Amino acid sequence: MRRLIPFLVLAGMSWPAAAEPLHAIAMHGEPALPANYTHFPYAKPDVKKGGSVRYGVVGTYDSLNPFILKSMRTTARGMWDPQFGHLVFEPLMQRSADEPFTLYGLLAQSIEMDEERSFIQFNLNPDAKWSDGQPVTPDDVIFTMELLRDKGRTPFSNRLTPVARMEKVGTHSVKFVFNEKSDREFPLILATATPILPKHATDVAAFEQSSLAIPVGSGPYRVKSLTPGERIVFERNPDYWGKDIPAKVGFDNYDQISVEYFLQENTLFEAFKKGVVDIYPDGSPTHWARAYDFPDVQSGAVIKDTFRPQVPTGMLGFVFNTRRAVFTDPNVREALALAFDFEWANKNLFEGAYTRTESFWQNSSLSSLGEPADPRELAILGDAKDVLDPTVLDGSYRIPKTDASGGDRKILRRVVELLKEGGYTIKGGRMSDGSGRPLRFEIMTQTQDQEKLAIAYQRTLRMIGVEATIRTVDDAQYQARSGTFDYDVIVKSYPSSLSPGIEQVGRWGSVSRDREGSNNFAGVADPSIDRAIEAMLSARSREEFEAAVRAYDRLLIAGHYLVPLYHVPEQWVARRSYIGYPDKIPLYGYQLPVWFDKRVQD
C-alpha cells in the first residue's frame, strides 16, 4: 500500500487573516441571491417528491469510481454527473444555472476569503452527513484532496497544485492558502468541481482500480442495484442531510432514478419510443423534424419541448490533430477548413436548420465577431497581433459562403492556393508535397450524423486530390482513441459558457498537449494562447475578462485548428408526458435535476 503524503503545517507558520463569512461567491461581481434566499429561482420549491425517471445513454460502464484514469470513460452515469446531477458524491458548493458563475453553500454552508483570493476557508455545514450516518468532517476534505492528488485522474490530480498549504480550522472548517500558480477562478473550481470522499469508507489501496463496490457518499441518492454495462438504479436517500438547504430545495425529486445503457443512438431512440426511457435530448434537426411520427406523440403521451438558453453557441468541428505532421502548417489547416461546403451540407442533409459557427463564443459579448480588438486585447495578444489575419483582428472575419453546389470553384481555387503555400500541389490528380507524398488522412466518426458530414467533406476534398478516409468506430474505441490522441481528424464539441475558465487549459493549454486523457484534442501548444488564458483567469473586472476572452477567441479562430461546423440556438428534448419541469428556465437552459414526476403531484 502506497502511503499518502500529507501537507505539512509548520509550527509558527502565519495564515492570512480571516474574513467575514459569505453565503456565496461569484467569479465576477456579486451573487444575485441574498444570504436569506430560500431556493434557486428555477427550482419548484413546493414540488412533491416521489415517482421515478429513466434516463438513457449510449455506452457502457464497468466502474462506480469516476475519479481515476482507468474508468475515466466507463464510469456509471449519475455518480458525479453535471447533467443528471451529482447523485452520490457532492462538492463543497453548488453552482447556480441562472448566473454566469456563482456558487452557493452545499457541504460548506459558508466561506471566508480575502479580496485577493489568496486563501479560502470552507465552513462545513454541521448537519452534513454521509449516507451511513457519519458526519462530513474537515478531515474528509483534506483526505480527499491528498487522495486525488496521489491517485486521481486529471483534472482531480491537479487540484492541490495551486495550494501552498491547507489546514483544519476548529471543528468544522478547512482553510486553503494558495501559491503563485493560483488564479481568481481557482477557489471556485476547488469549491464546485472537486468531490468530497469519506475518509472512513474509502479503500486507499484499491482506489486506483475500477470497482463496482457500492460507495458511501453524501449525495441525495444511493446505488440501489446495478447490471454492469446495462443499467444502474439509484434510490433517493430519505435521510439525505441537505434536502432542506436553499441550494437543494426543489432538486432531487424522484424516489428512483435509473440509467439505461445502449450500444447505439438509434437503439436508444427506439427504447424511448417504446417507453423504456422517459427523456430523450435530441441534437439532430432532421431527426427532430422527421422522427416523431409515432403513436405516442400523436396521442400526447410524448411531448416535444424546445428551450432557448442564453449562452454562447460553443464550437463543433472536425478537429485536426496537429501532433500529426500533415497538420502542422496553418496554411494547410486553413485550406482544409475552407474546403468543407457547409452550405451544401446544411441544404441537403439538414433542411437548412443550422447556422454556421464562426466563433467559440458566438452570440455573446465574449465573441470577437464584429468587435475590433481594443487596447486591452492588443496588450494580451502581444506580438501575435502582428501575424493575425487583419480581418480576425478588426472583427470582420467571416467564413466565405459557397454556392451550395458541393464544389464551388471560387472557394476550391483559394483552397488550392493555400495548400500550395503549405507545400502541396496537384500531380496526376493527387495533392502531393515536394517529395511526392500524397495529402491523406483519416476522419474518425462515432455516429451516423458524423459519418454523413464526413462523407460530404470527403466528396469535396476528392475534387482537389485530397484523400480522406472515414472510419466509424463504436463508443468504447472512440473514447479510447480520443483519450490517447490516436487519430488524424476527429469530431468534437467545445461547449462554451459565459464564464470560461480553467477548463480552457485542458482544451488548448500547452501543459495539456501531451497529457493523455486531456481535452486538448488538437494538440495545441502556443505561448500566445497560454498568455490569453492566463489573462482570462486573472481578470478582476467583467470588462477585463471580456477583453481577454475575445483575444483568446481571435487566436483560436486564426489558428484554424478545426473545421467549424454549426449550431442551433435551441435545446430540443422529448419527454414522456408524466415528466414535468418548473416554469422558469434558467440562463443555461433546462436542468434535469429539478424535473419531477407529475404522477405524484396530485
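The values are calculated or read from the model by the stated rules, or taken from the named source; none is laboratory data. No experiment lies behind these values; they were computed from the predicted model shown. Neighbour counts run over all protein chains shown; Cβ positions are idealised from the backbone, glycine included.
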Handout entry: Output for the stretch 427-446, where each listed residue is touching a helix residue (DSSP H, G or I) at 6+ places or on another chain (Cβ under 7 Å) and not in a loop (DSSP other than H, G, I, E, B)
Key = Met431, Phe441, Ile443, Met444, Thr445
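Which ones in the stretch 307-330 are of a type in the set (S, T, N, Q), touching a helix residue (DSSP H, G or I) at 6+ places or on another chain (Cβ under 9 Å) and under 24 Å from Gln362 (Cα atoms)? Quick ask: steps written out before the conclusion?
Within the stretch 307-330, the first condition is being of a type in the set (S, T, N, Q), and the residues that meet it are 310, 313, 321-322, 328.
Subset that is touching a helix residue (DSSP H, G or I) at 6+ places or on another chain (Cβ under 9 Å): 321-322.
Correct list: Asn321 only.
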Practice task
Looking at (1) out of contact with any Lys or Arg (no Cβ under 8 Å at 6 or more places or on another chain); (2) at pLDDT 95 or above; (3) of a type in the set (A, V, I, L, M, F, W, C), find the lone condition where Ala547 falls short.
Solution key: (1)
Practice task
Would you check if Gly465 is at pLDDT below 95 and not hydrophobic (A, V, I, L, M, F, W, C)?
Solution key: no
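Show me the strands (runs of 3 or more DSSP E) found entirely inside the stretch 32-137 where at least 2 residues are over 25 Å from Asp282 (Cα atoms).
93-95, 102-105, 108-113, 119-124
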Handout entry: Qualifying residues in the stretch 240-261 (those that are in contact with a strand residue (DSSP E or B) (Cβ under 9 Å, 6 or more places away or on another chain) and acidic (Asp, Glu)) - the one surrounded by the most Cβ atoms within 10 Å (Cβ to Cβ)
Key = Asp252
Problem - Cβ pairs under 6 Å, 6+ apart, first in the stretch 116-145 and more than 15 Å from Arg165 (Cβ to Cβ), second among the basic types (Lys, Arg) - result: Arg117/Arg184; Ser131/Arg222; Pro135/Lys129; Asp139/Lys199; Asp140/Lys199; Phe143/Lys199
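Can you confirm whether Asn237 is modelled with pLDDT of 95 or more, surrounded by 14 or more Cβ atoms within 10 Å (Cβ to Cβ) and not aliphatic (A, V, I, L, M)?
Here the answer is yes, as Asn237 does meet what is asked.
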Exercise for the section: Run down Arg459, Arg471, Arg515 and say which single residue is under 29 Å from Pro569 (Cβ atoms) and surrounded by fewer than 17 Cβ atoms within 10 Å (Cβ to Cβ). Expected result: Arg459
Exercise for the section: Could you tell me whether any residue of the stretch 531-549 is hydroxyl-bearing (Ser, Thr, Tyr) and surrounded by fewer than 23 Cβ atoms within 10 Å (Cβ to Cβ)? Expected result: yes
Exercise for the section: Give the residues of the stretch 487-542 that are in a loop (DSSP other than H, G, I, E, B) and within 22 Å of Val311 (Cα to Cα), sorted by residue number. Expected result: Pro495, Ser496, Ser497, Leu498, Ser499, Pro500, Gly501, Ile502, Asn519, Ala539, Arg540, Ser541
Practice task
Can you tell me which residue within the stretch 343-372, out of those that are among the small types (Gly, Ala, Ser), under 26 Å from the mean Cα position of the chain (by Cα) and surrounded by fewer than 20 Cβ atoms within 10 Å (Cβ to Cβ), is farthest from Ala551 (Cα to Cα)?
Solution key: Ala353
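Yes/no matrix, rows are residues, columns are (1) over 30 Å from Arg153 (Cα atoms); (2) among the aromatic types (Phe, Trp, Tyr); (3) in contact with a Ser or Thr (Cβ under 8 Å, 6 or more places away or on another chain); (4) modelled with pLDDT of 95 or more:
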{"site": "Gly12", "(1), (2), (3), (4)": "yes, no, no, no"}
{"site": "Ala19", "(1), (2), (3), (4)": "yes, no, no, no"}
{"site": "Asp46", "(1), (2), (3), (4)": "yes, no, no, yes"}
{"site": "Gly50", "(1), (2), (3), (4)": "yes, no, no, yes"}
{"site": "Gly59", "(1), (2), (3), (4)": "no, no, yes, no"}
{"site": "Gly78", "(1), (2), (3), (4)": "no, no, no, yes"}
{"site": "Pro91", "(1), (2), (3), (4)": "no, no, yes, yes"}
{"site": "Arg95", "(1), (2), (3), (4)": "no, no, yes, yes"}
{"site": "Thr102", "(1), (2), (3), (4)": "no, no, yes, yes"}
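Return the only residue of Phe340, Phe269 being without any contact (Cβ under 8 Å) to a residue 40 or more places away in the chain and either surrounded by 19 or more Cβ atoms within 10 Å (Cβ to Cβ) or within 25 Å of the chain's Cα centre (by Cα) (or both). Explain how you work it out, then say what you get.
Values: Phe340 fails: without any contact (Cβ under 8 Å) to a residue 40 or more places away in the chain.
That would be Phe269, the only listed residue that is without any contact (Cβ under 8 Å) to a residue 40 or more places away in the chain and either surrounded by 19 or more Cβ atoms within 10 Å (Cβ to Cβ) or within 25 Å of the chain's Cα centre (by Cα) (or both).
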Handout entry: Residue check for Gly422: in contact (Cβ under 8 Å) with a residue 12 or more places away in the chain, among the small types (Gly, Ala, Ser) and surrounded by 18 or more Cβ atoms within 10 Å (Cβ to Cβ)
Key = yes
Problem - Of all residues making up the stretch 421-465, the number that are in contact with a Gly (Cβ under 6 Å, 6 or more places away or on another chain) and farther than 20 Å from Arg333 by Cβ - result: 1
